[in-house]
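Just so it is clear, none of the values below were taken in a lab; they were calculated from the coordinates. Note that this is a predicted model, so its numbers are computed, not measured. Cβ atoms come from the backbone with ideal geometry, glycine included; neighbour counts cover every protein chain shown.
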Amino acid sequence: MKISLTLYDALISANVPPEKAKAVVDAWETDVEKLATKADLQHVETRLNASISELRSEVRSDMKVMRWQLGAIFVCVVVPLLKMGFDLLSRSAT
């Protein structure tokens, strides 16, 4: 409120009509109410950090599953190919 009075007094001393000075102060107070406080920003930062940590753990667990899946696919592809290669070698040797 002290800042509002100071702003009002400054506008009046700059020869702004009182009703216009009051309108400016009211508009300024309305806009200031919409600003985030330091505590608001710290709360948002805390929530964002928690969300990031949660997502990081989800991604890591998903990566573990994908590694197992990739290993299984590798085995399913490579083992038959190796078998075919050994069969071809054994046929050509005989």
Quiz prompt | Read-out mean projected area of the Cα convex hull in nm², derived from the coordinates shown; its label in [x] 5.9; [y] 7.3; [z] 12.2 | solution = [z]
Quiz item: Roughly how many Å is it from the Cα centre of segment 1-33 to that of segment 54-94, as a whole number?
Solution: 73 Å
Self-check item: Unit charges on C-beta of K, R, D, E only; dipole of the chain, Debye
Solution: 760 debye
Quiz item: How much mean residue ellipticity at 222 nm does the chain get from its helices, if each DSSP H run of length 4 or more adds -39500 (n - 2.57) and you divide by all residues, to the nearest 500 deg cm²/dmol?
Solution: -32000 deg cm²/dmol
